[in-house]
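Notes follow the structure.
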Amino acid sequence: MKPNCDAVELLRSLIAIPSVSGEEKAAADRLFDYLSEREAAPQRSGDSIWFDRTGPVQGRTLLLAAHIDTVAPGDGWSMDPFGAVEREGRLYGLGEVDDKASAAAFTICGLEVRPPAGRLIVALTSGEETGKSGLIELLDLIGPVDAAVIGEPSSLDICIRQRGLLVITAVARGRAGHAGRPEDTVNAIEVAASDILALSKIDPGSADPFLGASKSAATVISGGSAHNVIPDRCEFTIDIRTVPGRSHDEWVRCLKEALCSEIHPHSGRYRPCSTDESEEIVRRAVQANFRAELIGSPTASDWAFLDVPTVKMGPGNPLLSHRPDEYIEVGQVTRAVDVFKRLAIHYLGG
Ligand SMILES: [Zn+2]
């Protein structure tokens, strides 16, 4: 008898296998076996898995990518985060919406779709939550793609904008001395304070219609060593949530011009992303789920590493990500499979 392909059953089994970032091996093994049993010829790189379906004639390549790792379970769970408990049409567990429901729905979509042309690739990747994106490694192995769907919870709305993230370490320098004789000193904490106030006066650039304006905030600060020493160094962190229209290099230039502190960018890979509404992948996504809205997303994802037209969409309420008692409506998982199948057939057959 042929093994069945049930997205909810697959999701339940994935929830029962803990896969906190860095410990995805057992979940990757499960998916590899699941796909092998169904003769999908999966391939593996580390703890990331992918398989493809090729149509009868040449055509475009569509990538569906979701991650299989989760954050660690936080406090506040009222049930076993790996129990996959079902209550009143909801399935509870760590990673239900972020991102195992998308991973399960893409897997079943890939198994069931017969591409009318071209190639459908499903990637189920590790390391997303810690920035050690398994998708980056896979992209070299998979080869070029024409468009992508990043599966992340959006209640199946179609996300066509995504905020970027730029983290800066700023170092304010001063001249140390005795606090009783401050005349010859420059207080690095005061330099930092004035720069932090200046931060809010930097022009954030033009606002995005879906995301609004870029936002910056000083989020960590440290400086000084004793109450009677004027400090010569104060370090602070600036967190900038960027929007399309100004690159991270331009942001660094703006900060260097506006602030006295040294500016050291140390996490800028999560660039802001946007896909124009006129792109075919957007139109096909709308066609596949006509009830969906076009939205922007404040959180970063593997989309940042793709340079082809991409939409981010998946089952589940994004507000439940990384929260205790995370759950998904069971009906949305099966609906997601249907939406992704329609999207793949429309895009590859178009
Ligand atoms: Zn995610």
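The values are calculated or read from the model by the stated rules, or taken from the named source; none is laboratory data. Please read these numbers as outputs of a predicted model, since none were measured by experiment. A quick note on method: Cβ atoms are made from the backbone with ideal geometry, for glycine too, and the neighbour counts reach across all protein chains shown. Heavy atoms of the whole protein, side chains included, go into the accessibility calculation; ligands, DNA and RNA do not. Shrake-Rupley method; radii C 1.70, N 1.55, O 1.52, S 1.80 Å.
Would any residue of region 167-188 have its amide N under 19 Å from a label point 7 Å out along Cα→Cβ of R269? List them or say none.
Output list for this probe position: 167-169.
With springs only between Cα atoms under 10 Å apart, run a GNM on the chain and tell me which of T219, T275, T310 wobbles the most.
Residue with maximal mean-square fluctuation among T219, T275, T310: T219.
In whole Å and largest first, what semi-axes does the C-alpha gyration tensor of region 252-340 yield when each eigenvalue is scaled by 5 and square-rooted?
Three semi-axes, in Å: 33, 19, 10.
For region 177-294, just list the percent of Cα-Cα distances falling in each 10 Å bin from zero outward, please.
P(r) for region 177-294, in whole percents per bin: 11, 32, 24, 16, 10, 4, 3, 0.
Out of S261, S78, S247, any idea which swings most in a Gaussian network model of the chain, alpha carbons joined below 10 Å?
Its mean-square fluctuation being the largest, the pick is S78.
What's the carbon and sulfur percent of region 41-120's accessible surface, probe 1.4 angstrom, rounded to a whole number?
Roughly 46 percent of what the probe reaches on region 41-120 is carbon or sulfur.
Run through region 187-253 and list the trypsin sites (Lys or Arg not before Pro) located in a DSSP loop whose Cβ has at most 12 other Cβ atoms within 10 Å.
The qualifying sites are K201.
Compute the accessible area per residue over region 146-196, keeping the other protein chains in place, probe 1.4 Å, unit Å².
Ligands and nucleic acids excluded, the figure is 37 Å² per residue.
Exceeding 25 Å between C-alpha atoms, which entries from my cross-link table qualify? They are K100/K215; K256/K312; K132/K341; K215/K341; K215/K256; K215/K312.
Long pairs (Cα-Cα over 25 Å): K100/K215; K256/K312; K132/K341; K215/K341.
Can you give the convex hull volume per residue for the Cα atoms of region 103-218, as a whole number of Å³?
In region 103-218, the Cα convex hull volume per residue is 199 Å³.
In Å², what does the accessible area per residue of region 222-350 work out to with a 1.4 Å probe?
Details: 6210 Å² over 129 residues.
Accessible area per residue: 48 Å².
Treating only the Cα positions of region 37-177 as identical point scatterers, give the base-10 log of I(q)/I(0) from the Debye formula at each q in 0.09 Å⁻¹.
-0.38
Mind computing the radius of gyration and Dmax over the alpha-carbon atoms of region 278-325? Å is fine for both.
Values for region 278-325 (Cα only, Rg and Dmax): 12.6, 38 Å.
Which of the trypsin sites (Lys or Arg not before Pro) across region 87-183 are loop residues per DSSP, with 15 or fewer other Cβ within 10 Å?
Filter output for region 87-183: K132.
Give the percent of DSSP beta bridges with both residues in the chain that are antiparallel, rounded to the nearest 5.
Details: 46 of 65 bridges.
If I count the DSSP bridges inside the chain, around 70 percent turn out antiparallel.
Can you tell me the alpha carbon radius of gyration of the chain divided by the globular rule-of-thumb value 2.2 N^0.38 Å?
On the way: Rg = 23.4 Å, N = 350, 2.2 N^0.38 = 20.4 Å.
For the chain, the normalised Cα radius of gyration is 1.15.
With labels modelled as points extended 7 Å from the Cα through the Cβ direction, what inter-label distance (nm, one decimal) is found for R173 paired with V308?
The modelled label-to-label distance comes out at 4.7 nm.
Considering only protein heavy atoms and a 1.4 Å probe, what is the carbon-and-sulfur percentage of the accessible area of region 220-350?
That fraction is 49 percent.
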